1. Go through the range 175-188 and give me each residue that's within 25 Å of residue 235 (Cβ to Cβ) and surrounded by fewer than 19 Cβ atoms within 10 Å (Cβ to Cβ).
2. Taking the range 202-236 as the search range and keeping residues that are under 23 Å from residue 251 (Cβ atoms) and assigned to a loop (DSSP other than H, G, I, E, B), which one is farthest from the chain's Cα centre (by Cα)?
3. Considering each of 166, 135 in turn, give the residue that is of a type outside the set (A, V, I, L, M), out of contact with any strand residue (DSSP E or B) (no Cβ under 8 Å at 6 or more places or on another chain) and farther than 22 Å from residue 230 by Cα.
4. Note down all Cβ pairs under 6 Å where the first residue falls in the range 149-174 and is closer than 18 Å to residue 138 by Cβ, the second is assigned to a strand (DSSP E or B) and open to solvent by less than 40 Å² (accessible area, probe 1.4 Å), and they're at least six residues apart or on different chains.
5. Output the residues belonging to the range 129-144 that are open to solvent by 70 Å² or more (accessible area, probe 1.4 Å), in a strand (DSSP E or B) and among the aliphatic types (A, V, I, L, M).
6. State yes or no: is residue 187 touching a strand residue (DSSP E or B) at 6+ places or on another chain (Cβ under 8 Å) and either of a type outside the set (Val, Ile, Thr) or on the phi > 0 side of the Ramachandran plot (or both)?
Amino acid sequence: MDGVAMGGSIAGPYGAAAGLVFGVFYGLATADSHYAQLNAQIQAEQAKDKDLEAQIEREIERQRELEAQLGKTADPPERQATGAIQVAQKAAQEKKTEPKTDDKKAEQAALASLSKRELPPAQPASPFKNIQVRDINGDGIPDLWIYHNPLRPEEIVRQEEDTDGDGRVDTWSYFNNGSLVRREVDSRKRGSPDTVYLYDREKIVREERDENGDGQTSFRAYYQNGRLARVEKDLDRDGKMDLWTYYDTTREGELVAKEERDLNGDGAADLWSHYESGRLVRRDVSAAGLEILSKQEEIPALRLEPETPRHPGS
């Protein structure tokens, strides 16, 4: 067509015919290069499309790897996949018009959003280490807890026991350098100790009891070389000891040697009872004590039997 127009403008109809012939030959000669150029452009566009698809696939794969590493997020899986594709498509589109640094920022933002997960609270550390739990009576329920020194695992510092098998601790033992120094017992099953035993070199030295549950000691016993030496009692429950019983520690058995009693509550003895081989031989009374006894119209002829301490073996 270009040859016809050019020939017609120069030589008229004959020039147009000559231009047509010349244009045909010229078109045949240059057609291959023209179509080759068009094919190259098409292939370049297809390559761009394939590169874009590859970028989208890489973004999706990267997103899946991030999800696998960070675990489940708050959104459901379908929403996560849709969001991943949208993020990848948006990143691929931005690569065509914006610098590569924007893509990196988008990826870092995605990483930051996925990595924001609330960590579970740390469990509090146990106050004791090296705890042994045992079942002494063989009923399948633990009844003995032994606590060891965290710095010296072989050293026992405390022991808790359920001695009657009711599932509740009723005995607490405390140790110093591995030796028993104190034992507390809940003998009335009230949930708190009412009897305390004190030890020195594994031998009992003192026993204290709260017999009426008022929080005050109403019974106290002292020991010498593991033998009972003296007992103090609060008979009228006024918070003050008013009966003292002394034992003969030079002989076998718990033989009473002397008793003292405070009759008027002033803290001083008014009545003394003397024993030989555990039998009453003499009783003395003060003037104040005699007056009290005369008002009560009773002269004690027999001693009050002292209560036997309930101390455990060392």
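The values are calculated or read from the model by the stated rules, or taken from the named source; none is laboratory data. This is a predicted model, so every value here is computed, not measured. All Cβ positions, glycine included, derive from the backbone under ideal geometry; neighbour counts span all protein chains shown. Remember, those area values only see protein heavy atoms, side chains included, never the ligands or the DNA or RNA. Shrake-Rupley method; radii C 1.70, N 1.55, O 1.52, S 1.80 Å.
1. Passing the criteria: 184, 186, 187, 188.
2. Among those that are under 23 Å from residue 251 (Cβ atoms) and assigned to a loop (DSSP other than H, G, I, E, B), it is 225.
3. Values: 135 fails: out of contact with any strand residue (DSSP E or B) (no Cβ under 8 Å at 6 or more places or on another chain).
None of the others qualify; the one that does is 166.
4. Once the first residue is closer than 18 Å to residue 138 by Cβ and sits in the range 149-174, its partners that are assigned to a strand (DSSP E or B) and open to solvent by less than 40 Å² (accessible area, probe 1.4 Å) give 161/144; 161/171; 163/171.
5. If the condition is that a residue be open to solvent by 70 Å² or more (accessible area, probe 1.4 Å), in a strand (DSSP E or B) and among the aliphatic types (A, V, I, L, M), then 131, 133 are the ones that fit.
6. When the stated conditions are applied, residue 187 passes them.
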